[in-house]
1. Averaged over all directions, how much area does the convex hull of the C-alpha atoms of segment 157-254 cover when projected, in nm²?
2. Compute the long axis of helix 101-121 from its Cα atoms, compare it with the longest principal axis of the Cα atoms of the chain, and write down the angle in degrees, 0 to 90, nearest 10.
3. Could you pull out every residue, at least 5 positions away or on a different chain, whose amide H is within less than 5 Å of the one on Val442? Hs are placed 1.01 Å off N in the peptide plane, and Pro or chain starts have none.
4. State the percent of C-alpha pairs, over all pairs in segment 1-125, separated by a distance greater than 24 angstrom.
5. Between Glu326 and Asp116, what length comes free when the chain is fully extended (0.36 nm per residue of separation minus the Cα-Cα distance, one decimal in nm)?
6. Report Rg(Cα)/(2.2 N^0.38 Å) for segment 335-461, keeping two decimals.
7. Over the Cα atoms of segment 293-398, what radius of gyration and what Dmax do you get, in Å?
8. Under the √(5λ) rule applied to the eigenvalues of the Cα gyration tensor, what semi-axes describe the equivalent ellipsoid of segment 1-64? Give them in Å, descending.
Amino acid sequence: MAGIDEKAGQLLDRLEVDRTLWTEGSMPAATPLTGEQLGMVRVVDAAAIDETLDKATAAFRVWRHVPAPRRGELVRLFGEELRAAKDDLAKLVTIEAGKIASEGAGEVQEMIDICDFAVGLSRQLYGLTIATERPGHRMMEVWHPLGVVGVITAFNFPVAVWAWNAALALVCGNSLVWKPSEKTPLTALATQAIFARAAARFGDAPEGLSQLLIGGREAGEALVDDARVALVSATGSTRMGRAVAPRLAQRFARAILELGGNNGAIVTPSADLDLALRGVAFGAMGTAGQRCTTTRRLFVHDSIYDGFVARLKAAYASVGVGNPLEGDVLVGPLIDRAAYEAMQAALAAAQAAGGVVHGGARVGEGASFYVHPALVEMPGQIGPVLEETFAPILYVMRYDDLDAAIRLHNDVAAGLSSAIFTTDMREAERFLALSDCGITNVNLGTSGAEIGGAFGGEKETGGGRESGSDAWRQYMRRATNTVNYSDTLPLAQGVSFEI
């Protein structure tokens with residue numbers, strides 16, 4: 001049977017990725033499934049970064065004049081190419097990011113869905129006609145393309161997050177430069193090859209409309225600091241956001257920041273406990289706890305705590321952990337050793353703070369890092385509970401008053417996703433009104449957002465919004481236009497200035 005490196009090579013060949021880009025470089029690409037090396041990826045240098053940004057600027061100057069519905073046609077073709085390549089790209093996501101098969105396929109489907117959304121949007125970039133106080137005048141609000149859009153993505157969603165940004169940015173008339181995670185360069189190369197096929201079918205897309213910067217921190221810093229880049233959408237840790245935001249603000253560039261998420265859920269006495277069990281289990285264990293929307297804190301009412309937590313422990317004990325290429329498992333590997341060590345440090349801190357740890361042990365040995373998801377019963381929201389650890393750790397706490405539980409839920413630095421499980425309408429509405437997160441759910445978990453709604457959060461999550469709703473506005477600039485079609489010149493606010 002072919003090794004994982006050979007399988008990855010076969011997938012890259014089928015996806016028509018130039019072999020020299022991933023076999024003749026200096027940066028290793030590896031798989032968390034086994035830890036083995038998959039290739040050596042070619043890295044950009046300073047001269048290549050400068051050339052890339054020059055090309056992106058030139059492409060924007062052409063693309064901005066293409067009618068928006070025509071721009072939507074390119075995105076439609078990209079969606080078609082993604083449909084044809086879905087199985088191969090999904091398998092590559094599994095190999096390079098460690099996701100189980102259904103999650104890898106789901107990520108590519110998310111790319112397809114945002115393309116469909118953006119195609120419709122290309123005919124709906126609406127402005128406003130605004131009532132004016134001056135007779136013989138018309139006032140309107142118009143949206144224009146913004147410029148070069150830089151996209152910095154993380155390993156846990158190696159292709160979908162780029163697509164959220166790319167599909168919208170393209171129909172809005174912008175060019176793209178993508179700096180993917182150093183941990184997942186192969187999926188980025190494959191995605192760019194798929195886009196190139198769509199561009200070739202489109203026929204007259206300008207050169208440099210969508211480009212990659214494969215490299216380390218210096219490539220991301222180039223996007224952040226270069227005046228040719230009008231907007232940077234960056235996904236990563238809050239620590240990364242603290243570095244990126246001031247540098248963009250220094251040059252008055254726009255930022256979309258998708259940062260940490262210490263997400264919480266509440267299970268009330270009225271909840272459908274079967275539904276809650278499934279929602280909490282997927283939210284906490286899906287993607288091996290490596291989603292920004294992973295459920296990390298759980299507040300269970302004291303009257304149902306013992307029975308519900310016993311069922312949750314049983315689910316944790318029975319969940320399949322292993323290589324998703326070799327068996328029917330629900331939890332794949334952590335991305336690397338650093339993630340495993342961070343998980344173990346958090347569990348040790350939880351025990352020191354009085355927590356009772358169930359699970360969390362490593363499965364197997366070698367260069368890959370599989371772990372049993374950990375459920376930790378905590379005496380309160382203290383110590384590591386207040387911090388996001390990017391691993392499958394669920395901290396469980398009792399509560400007896402809903403308002404107090406909501407206050408605890410909100411009393412963390414991040415504000416991304418939240419959930420309540422209840423059949424009491426008043427409890428549901430109260431939580432929707434008081435949760436301070438950008439995503440607030442009733443009777444479903446914190447993970448699994450769909451593309452129709454704007455995605456993002458508040459506080460240390462960064463405040464950015466991507467994907468659906470009116471997130472498109474961030475990729476455009478607004479102009480208020482006033483036309484005087486009279487033969488007089490009345491001034492606003494009754495000002496008189498006669499000469």
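The values are calculated or read from the model by the stated rules, or taken from the named source; none is laboratory data. Computed from a prediction, not measured in an experiment: that's the story for all the values here. Glycine gets a Cβ as well: all are built from the backbone with ideal geometry, and neighbour counts include every protein chain shown. Please note that ligands, DNA and RNA were not included when accessible areas were found on the heavy atoms of the full protein model with its side chains. Shrake-Rupley method; radii C 1.70, N 1.55, O 1.52, S 1.80 Å.
1. Averaged projected area of segment 157-254's Cα convex hull equals 6.3 nm².
2. Tilt relative to the chain: about 20 degrees.
3. Distant-sequence amide H within range of Val442: Ile420.
4. The calculated P(r) of segment 1-125 puts 47 percent of pairs beyond 24 Å.
5. Between Glu326 and Asp116, full extension yields an extra 72.3 nm.
6. Relative to the 2.2 N^0.38 Å estimate, segment 335-461 comes out at 1.17.
7. Radius of gyration, then largest Cα-Cα span, for segment 293-398: 13.9, 44 Å.
8. 31, 15, 9
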